[in-house]
Structure formats: C-alpha cells, structure tokens
Amino acid sequence: MHKTVNQKAWLFVVPVVGLVAFNALIPLMTVVNYSVQETFGDNVFFWEGVKWFEQVLNSDRFHDSFLRQLAFTGMILVIEVPLGIVVALSMPRKGPWVSVCLVLMALPLLIPWNVVGAMWNIFALPDTGLLGRMINGLGIEYNFTQQPVAAWLTTVLMDVWHWTSLVVLLAYAGLCSIPDAYYQAAKIDGASSWAVFWRIQLPKLKRVLTIAILLRFMDSFMIYTEPFVLTGGGPGNTTTFLSIDLVKIALGQFDLGPAAAMSLIYFLIVLLLCWVFYTLMMRGEEQ
Amino acid sequence: MPEEQNMAKITLQNIKHSYLRQPVESQDYALKEVDAVWSNGGAYALLGPSGCGKTTLLNIISGLLTPSEGRVFFDDNDVTDIPTIERRIAQIFQFPVVYDTMTVFDNLAFPLRNRGVAEDKVKLRVNEVAVMLDLEDSLKRRASGLTADGKQKISLGRGLVREDVNVIMFDEPLTVIDPHLKWLLRSKLKELHQQLGITMIYVTHDQTEALTFADRVLVMYDGTVVQVGTPVDLFERPGHTFVGHFIGSPGMNILPCEIRDGAASFAGNVLQTASPLPTADNERVEVGVRPEFVRFDDSGFAVEIVKIDDLGRYKIVVVRCNDSTLKMIVDEDIRIPSESPRISFDPEYTRLYTDGWVVE
C-alpha cells in the first residue's frame with residue numbers, strides 16, 4: 001500500500017510537544033539540574049554528583065517523614081476503603097433518595113483543600129471549636145496543637161471526612177453495574193448475603209476498587225495543604241509528612257540541592273508504589 | 001432432604017403483575033391474567049416474542065417476584081409468599097452467571113454447599129453433572145477464564161446439580177451459545193429431561209427451540225397465555241391469530257371475512273370451515289388458514305399469482321385475490337397452473353377468528 005508522506009502533520013503535534021515540554025519536561029529537568037549541583041545564587045553552579053541523594057537517603061529526617069507518610073497513607077486506606085464500601089452498600093439503588101445521597105456524598109469533594117484544613121482547624125480547636133470543646137467537655141483531655149496523638153487523630157479524621165466519598169462514589173458505580181441476574185442466580189443458589197458480598201459484589205468491584213485505592217494512595221501520599229493548614233506539621237515534627245518536609249527544606253531553608261534530590265526520590269517512590277499496587281491487584285486478571 | 005417431596009404440580013391462579021406501583025389500565029400490566037397448570041415431570045416451552053411477559057412469569061414461579069395479584073400453588077400448597085430458597089426451584093438465566101473467583105468445581109458445588117449438603121455427596125453430584133455437561137476437564141480451572149458457552153454450561157450445571165428441585169426453568173438459556181453447540185446442548189437438555197423426569201420449563205422466542213424441546217407449549221402474547229397445547233395442536237388448531245402467525249414458516253394466512261346469509265365468505269367466495277359461525281355480529285371476523293392447507297383446485301376461486309419462491313422440496317407461492325395476498329406451500333411435483341389459477345382451502349384446517357380468538 002502506498003503511504004502518504006505529509007510533513008505538515010508535524011504542525012499538529014508541535015503544540016502538544018510544546019505544552020508538555022513547558023509544563024512537565026522543563027521543570028523536571030530544572031529539578032534534575034538542581035539535584036546534582038550546588039548553588040549560591042547568581043546562577044553559579046558547582047557539580048556535586050550524587051551527594052545530595054546520598055545525604056537525603058541517609059538522613060534520619062527523611063526516614064522519619066517517610067515512615068510518617070507510610071503510616072498516614074496506610075491508616076487512611078485501611079479506614080476509607082472498607083468504610084466506603086459499607087456506605088456504598090447501604091445506599092439505595094433506586095428511588096428518589098438516590099440523588100439526595102449522591103449529592104450529600106459529593107459535597108466534601110467539592111470543598112477546596114485549604115478550606116477543609118481551615119474548617120477542621122477551627123472545628124477541632126480545644127477551647128473554641130465545636131469538636132474540641134465537646135471532647136474536652138467529656139472529660140478527655142484533647143488538644144491537637146500540643147498532643148501528637150490528638151494531632152494524628154484529627155488529621156486522619158479530616159482526611160476520612162474529605163475523601164471517603166470518593167471511594168463511596170466509585171464503589172457505588174461499581175455496584176450499580178452488576179446485572180440483576182447475578183443477584184437472582186444467587187437467590188436461586190441459596191447464597192447468604194455474606195456469600196453474595198464475598199462471591200459477587202466484591203469480585204465485581206475489584207476494578208473500581210483498584211482505581212479507588214490507587215487514587216487515594218497517590219493523593220494521600222502527596223498530601224500537603226490540609227495538614228499544613230490544620231497542624232502545620234506539628235506539634236514538633238509529628239505530622240510533618242513528606243511534602244511538608246520537602247517544602248520546609250526547599251522554601252524554609254532554601255536548600256535547593258537536597259530539596260531537588262528529595263523531590264526526585266519522592267517521585268520515584270510514588271511511581272514504584274503505584275506500580276506495585278497495580279501489579280498486585282491486577283494479578284490473575286488476565287488468563 | 002426428603003426426596004419424596006420432590007416434584008410437584010405447579011398451578012398459577014389469576015396471576016397479574018405490574019411493575020408500576022399503582023397500575024390503572026391493562027397496558028400497565030406486564031402480565032394481564034394468567035392461569036396455567038404445569039403438571040409433574042412435563043417438558044414445557046414458554047414461547048412468545050420479546051417483552052410479552054415470559055421472564056416475568058418465570059420469576060413469579062421462582063419467587064424472585066411476588067405477583068401483584070393471584071396465587072401460585074405447588075401441589076396444594078400456596079407458595080405465593082414463600083421465598084425463593086424454600087421453593088426448590090432451579091432457574092437458568094439468559095446470560096451466564098458464574099462466580100468469578102471460584103473454580104468450576106466450586107461453582108457447581110455452590111448451591112449444594114449453601115444448603116448444607118455433606119462434602120462427599122457434593123463431590124459425587126458435581127462429578128456426575130460435570131460428566132453430563134462435558135466439564136470434567138475444566139473442574140479445577142477458574143470459572144472466569146471460560147468462554148461464554150463454558151460459562152453457560154456452569155449455569156446449567158448449578159441448576160442440575162441439586163436433587164431437591166421441583167422444576168428447572170430455563171430463561172432463553174442458549175442465546176449466547178453459538179449455533180452448533182446450541183443444537184448439542186438442546187438435545188442434551190431433552191435427554192436430561194428423559195433421564196431425570198424433572199419438570200422443565202423452557203422459555204424462548206424461537207419456535208424451533210420450543211417445538212423440539214417441549215411436549216407442551218404455552219404461547220404468550222402481550223401479557224396473556226393465548227394457547228396451551230402440543231406442537232401439533234399449535235400447528236393444526238391455532239387458538240389465536242397470533243399463534244397462527246407466530247408459529248409456522250411462513251405463518252398462517254389471516255384474511256378478512258364476511259358473514260352473510262348464514263355463511264362465511266372471503267372476497268365474495270363462500271368458504272367451508274371447521275368453525276361454527278360466530279354469534280355476535282359486531283366483532284371483527286377473520287379467516288385463518290395455513291399455507292400448507294391452501295391448494296390449487298379448478299373448482300375453487302380465481303386468484304392472481306404474484307410471486308413464486310422455489311425452496312427446493314417445495315415452493316412458496318404468493319397469490320392475490322381482491323386486495324388480500326396469501327401464501328401457499330406447494331410440493332415440488334405439483335404443477336403450478338399458468339393460466340387463470342384457482343385455489344381452495346382445506347375446510348378441516350380453515351377456522352374463523354373473532355377479535356383474534358378462534359371460534360369453536
């Protein structure tokens with residue numbers, strides 16, 4: 001077959017290449033540039049090789065914030081995914097309440113992150129906030145600005161409040177797409193409601209849950225605004241997650257080299273963990 | 001499981017069903033008024049076009065739906081309000097349902113295990129059914145990896161594996177199966193019916209499937225059962241113009257009819273029919289005769305030949321008389337008159353219909 005040669009087609013590709021270069025490639029290369037050099041301003045750079053990478057990887061500070069990050073992400077996944085499934089299962093499948101439930105569920109997702117942080121900050125303040133006053137009123141000493149445990153609980157609770165809806169909506173969509181015949185067949189087969197959940201609903205939800213877990217993993221692993229507004233990473237460094245730490249190094253201390261090296265390590269960790277998650281969850285899918 | 005309780009006569013009494021909460025007119029009902037008796041051990045087919053209420057009727061028998069009105073009896077027990085699991089019913093759906101995470105063996109064992117059958121008995125039954133359906137080789141495989149017909153065999157198998165069933169109902173089970181296997185599986189089902197002697201109800205919109213599978217066929221149309229009978233009954237004595245039209249290829253000729261001077265006539269020609277004359281004279285009267293029972297006859301009435309389709313062993317001749325066209329099936333060895341053809345109807349198989357229903 002004769003192939004048409006038309007070099008003008010490149011003109012259509014150029015804008016995309018330009019855009020991607022401008023918003024992804026060039027900034028990323030700047031980061032790479034910073035990560036292997038030392039600068040004292042005035043655009044004077046000294047080659048440092050992998051020094052910053054070694055420094056970051058060997059620093060206790062990075063290890064601690066990495067572990068905090070893992071703990072936080074692990075906790076919210078363990079809470080939000082099962083909770084989201086339970087809420088989705090208990091939502092009505094038809095009738096006028098469907099849209100009411102959907103809107104209520106979508107509401108937290110519509111609120112900007114910094115507003116969520118500010119809301120929860122005010123809500124949880126021990127002396128003036130509704131939640132803080134209530135808990136203290138019950139005789140439990142609670143002050144998230146001073147107690148690490150309280151700060152963690154509040155941060156996790158805030159994230160659960162903000163993002164469980166996403167899991168709910170995805171799981172709900174998955175549940176609605178299961179054909180009635182499955183439920184009918186299960187009735188004929190005498191399956192208990194537990195068996196229906198375990199043998200029909202959960203397997204059919206596998207794909208949407210994979211997406212939900214990946215999204216929640218990535219989002220929570222890169223979380224910045226909400227805890228920054230709520231606790232500012234404190235008390236002390238107890239809620240300083242990776243991105244908060246990164247910003248402290250880059251913009252607080254202006255250590256651009258280590259910050260750049262940390263960014264790249266951070267990026268690779270997210271990429272690697274996403275790949276691991278995806279591979280694990282999709283295992284046995286294709287046969 | 002008390003074996004002697006197996007099998008029962010199923011009686012549907014004045015069943016009506018609407019999917020609307022407050023049905024008003026008859027159009028709101030998916031089932032308008034159904035009375036039917038399915039006797040023990042029969043092979044039944046439920047035949048009708050899509051959307052006529054076949055599946056609704058099955059779901060009412062199995063208890064997946066509670067009818068808006070009417071009662072369902074198994075033998076003399078009213079089971080209308082008894083849940084599906086206690087009805088001892090197996091139902092196979094149009095699209096295969098398999099439990100993806102289980103092996104083929106576990107899929108087949110699932111209905112038994114849910115009912116607390118002992119594991120050695122489960123093994124025995126599953127292996128028996130696997131042999132019946134040629135699934136022995138894939139018992140250890142995951143069910144999700146099978147082809148559509150493999151999956152549908154599993155669905156069938158889950159129905160057949162139980163020993164406590166009163167009736168097995170098939171809801172267009174071979175829709176997704178390719179034609180060659182369709183034929184094999186249908187013969188298999190027929191064979192299983194003879195072997196097991198369980199009542200089977202087979203829902204389909206395909207007349208060939210219905211007529212080859214069943215001893216008795218219920219024809220449904222627009223939410224009602226229009227005729228129940230053997231395949232021969234449906235062919236020779238259609239109770240409703242719909243039956244005449246739906247069954248047979250080509251379907252029955254349904255022609256306008258006039259009642260005048262104590263005789264039925266079509267296009268001015270007096271007809272001898274197997275029906276008595278209808279009494280009420282304000283109804284629409286039609287005459288129905290199958291193409292098989294129309295023949296060339298010099299003493300008949302004049303028609304004009306429109307078209308001849310030669311199908312090898314026979315020909316389908318389309319003729320016109322006044323404004324009506326009708327079809328006739330003519331054996332290959334019969335000469336088709338080329339000039340002024342005349343035809344007549346076999347009086348024994350010519351019937352009158354008022355408002356669609358046969359006059360008897």
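Ignoring ligands, DNA and RNA, what percent of the 1.4 Å accessible area of the range B:251-358 is carbon and sulfur? Mind showing how you got there, number by number?
Details: 2560 of 6080 Å².
Percent of accessible area from carbon and sulfur atoms in the range B:251-358: 42.
Distance from a point 7 Å along Cα→Cβ of B:Asp215 to each backbone N in the range B:166-195: keep the residues under 13 Å and list them by number.
Taking a point 7 Å out along Cα→Cβ of B:Asp215, the residues of the range B:166-195 whose backbone N falls under 13 Å are B:193-195.
For A:Leu57 and A:Glu141, what does the FRET efficiency come to when R0 = 30 Å and r is the distance between their Cβ atoms, rounded to the nearest 0.05? Before the final figure, lay out the partial values.
Working: r = 39 Å, r/R0 = 1.30.
Efficiency for this residue pair is about 0.15.
Among B:Val165, B:Val217, B:Val243, which one moves the most in a GNM of chain B with springs linking Cα atoms closer than 10 Å?
B:Val165
Based on a Kirkwood Rh over C-alpha pairs, give the Stokes-Einstein translational diffusion coefficient of the range B:231-272 at 10 °C and viscosity 1.306 mPa s in µm²/s.
For the chosen part, D equals 138 µm²/s.
Would you please give the residues with an amide H less than 5 Å from that of B:Thr103, counting only those at least 5 places away or on a separate chain, with H modeled from the backbone geometry?
Residues meeting the criterion, in which the H sits 1.01 Å from N, are B:Ala143.
Would you work out which of A:Pro126, B:Gly244, A:Asn58 lies farthest towards the positive end of the dipole of the protein assembly as shown, given +1 charges on the beta-carbon of Lys and Arg and -1 on that of Asp and Glu, about the Cα centre?
Positive-end residue among those listed: A:Asn58.
Using the Cα atoms of the range B:104-194 to build a convex hull, what is its mean projected area in square nanometres?
Values: hull surface 23.7 nm².
The number I arrive at for the range B:104-194 is 5.9 nm².
Once the whole set of protein chains is in place, how much accessible area is left on B:Glu25, using a 1.4 Å probe, in Å² to the nearest 10?
110 Å²
What three numbers, in Å, describe the spread of the alpha carbons of the range A:113-178 along their principal axes, ordered from the longest?
48, 25, 20
Could you tell me the accessible area of B:Ile308 in Å² (1.4 Å probe, neighbours in place), rounded to the nearest ten?
Its accessible surface works out to 80 Å², give or take rounding.
Can you work out ³J(HN,Hα) from phi for every residue in the range A:88-99, in order, using Karplus 6.51 cos²θ - 1.76 cosθ + 1.60 and θ = phi - 60°, giving whole Hz and x for Gly and Pro?
Using θ = phi - 60°, the values come out as 4, 5, 8, 7, x, 8, 8, x, x, 6, 4, 5 Hz.
Show the residues, 5+ positions off or on another chain, whose built amide H is closer than 5 Å to the amide H of B:Val167.
B:Ala90
Got a sec? Which residues in the range A:218-256 would a label at A:Leu273 touch, if it sits 7 Å along Cα→Cβ and we count backbone N under 13 Å?
Residues passing the 13 Å test: A:218-224, A:241-244.
Could you derive backbone 3J(HN,Hα) for the range B:330-338 from the dihedral phi with the Karplus parameters 6.51, -1.76 and 1.60 (θ = phi - 60°), listing whole Hz in sequence and x where the residue is Gly or Pro?
10, 4, 5, 8, 9, 7, 8, x, 8
Note the direction-averaged projected area, equal to a quarter of the hull surface, for the Cα convex hull of the range B:315-360, in nm².
On the way: hull surface 18.3 nm².
Its Cα hull, projected and averaged over all orientations, spans 4.6 nm².
Give me the Å³ per residue figure for the convex hull around the C-alpha atoms of chain B. Could the numbers behind the result be given before it?
Values: hull volume 60.3 nm³, N = 360.
In chain B, the Cα hull volume divided by residue count equals 168 Å³.
7 Å from Cα along Cα→Cβ at both B:Gln27 and A:Ser177: what's the point-to-point distance in nm?
3.6 nm
Exceeding 23 Å between C-alpha atoms, which entries from my cross-link table qualify? They are A:Lys187/B:Lys140; B:Lys153/B:Lys182; A:Lys206/B:Lys121; A:Lys51/A:Lys248.
Values: A:Lys187/B:Lys140 25 Å; B:Lys153/B:Lys182 11 Å; A:Lys206/B:Lys121 33 Å; A:Lys51/A:Lys248 20 Å.
Correct reply: A:Lys187/B:Lys140; A:Lys206/B:Lys121.
Please give the Cα centre distance for the range A:82-130 versus the range B:68-131, rounded to the nearest Å.
41 Å
Counting just the Cα atoms, what span does the range B:251-358 cover along each of its three principal axes? Round to the nearest Å and put the largest first.
44, 24, 23
Rg/Rh for the protein assembly as shown: what does it come to with C-alpha atoms and Rh from Kirkwood?
Numbers: Rg = 37.0 Å, Rh = 31.7 Å.
My calculation of the ratio gives 1.16.
Counting every Cα pair in the range B:1-107, what percent are over 19 Å apart?
Details: 2945 of 5671 pairs.
So the portion of pairs separated by more than 19 Å is 52 percent.
For the range A:68-256, take N as its residue count and report Rg(C-alpha) divided by 2.2 N^0.38 Å.
Working: Rg = 19.7 Å, N = 189, 2.2 N^0.38 = 16.1 Å.
The range A:68-256 yields a ratio of 1.22.
Any idea how far apart A:Phe12 and B:Ile305 come out in nm if each label point goes 7 Å out from Cα toward Cβ?
It is 6.0 nm.
Run the quick spin-label model on A:Leu109 and B:Glu163: label points 7 Å from Cα toward the beta carbon, then report their separation in nm to one decimal.
5.2 nm
Picking from B:Lys140, B:Lys32, B:Lys151, which is most flexible by a Gaussian network model of chain B using Cα springs under 10 Å?
Its mean-square fluctuation being the largest, the pick is B:Lys140.
222 nm [θ] for the protein assembly as shown, helices only, -39500 (n - 2.57) per DSSP H run of 4+, per residue, to 500? Walk me through the numbers on the way to the answer.
Numbers: 22 runs with 279 residues, N = 647.
-13500 deg cm²/dmol, from helical runs alone.
What residue among B:Asn127, B:Asn114, B:Asn77 has the largest mean-square fluctuation in a Gaussian network model of chain B, using Cα springs under 10 Å?
Fluctuation is largest for B:Asn114.
Long-range amide H contacts for B:Thr350: which residues qualify at under 5 Å (H placed 1.01 Å from N, peptide plane, sequence gap of 5 or more or a different chain)?
Residues meeting the criterion, in which the H sits 1.01 Å from N, are B:Ala274.
How well do other chains shield peptide B:63-70, expressed as the mean number of their Cβ atoms within 10 Å of each residue Cβ?
Details: counts 2, 6, 1, 0, 0, 0, 0, 0.
Going residue by residue through B:63-70 and averaging, the value is 1.
Restricting to Cα atoms and excluding each atom paired with itself, what does the Kirkwood estimate give for the range B:211-256 in Å? Walk me through the numbers on the way to the answer.
Numbers: mean 1/r = 0.0930 Å⁻¹.
It works out to 10.8 Å.
The values are calculated or read from the model by the stated rules, or taken from the named source; none is laboratory data. Nothing here was measured: the structure is a model prediction, and the numbers come from that model. Cβ sites come from the backbone with ideal geometry, for glycine too, and all protein chains shown count toward neighbours. Keep in mind that these areas ignore ligands, DNA and RNA; they rest on the heavy atoms of the full protein, side chains included. Shrake-Rupley method; radii C 1.70, N 1.55, O 1.52, S 1.80 Å.
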